[in-house]
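The structure appears right after this line, and notes come after that.
The values are calculated or read from the model by the stated rules, or taken from the named source; none is laboratory data. From a predicted model like this one, the values you see are computed outputs, not experimental measurements. Reconstructed Cβ throughout: ideal geometry from the backbone, glycine too, with neighbour counts over all protein chains shown.
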Amino acid sequence: MRRRCDMRVHQRFEHDRLNSAALATMSKGLCPLCGYRGFVLGPRGGVAQNIECGNLDCRARFNVLCVSGEVVMGHAIPRESEGGGSWPSAFHSGTFS
Ligand SMILES: [Zn+2]
């Protein structure tokens, strides 16, 4: 049961894989959804880094792979409001209600 559920989550992530235009935008430090400059860093796992758009009206999240400052691969992950984890961050603390 659990394994099947995990696979479905994985497929969703595959579906949300960022295209080359989005990757190029993110390499410039811009959110591919809203164009805001700046991301909040979330948990890092191995070579992958979770980031969240710094625009409080967007807060889109991505799991990205950066090589030499270029975002070479990435996919969208759930926002905190969509069931994503809560990330400890000075940027976040006390700024939302
Ligand atoms: Zn954004």
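At-a-glance table
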read-out	value
Those residues of region 23-37 which are closer than 11 Å to Ala76 by Cα and buried (at least 19 other Cβ atoms within 10 Å of the Cβ), in sequence order	Pro32
Residue list for region 23-41, restricted to those being assigned to a strand (DSSP E or B), under 11 Å from the mean Cα position of the chain (by Cα) and within 14 Å of the ligand (Cβ to nearest atom)	Phe39, Val40
Residue within region 47-61 that is away from the ligand (no atom under 14 Å from the Cβ), modelled with pLDDT under 90 and more than 11 Å from the chain's Cα centre (by Cα) present	yes
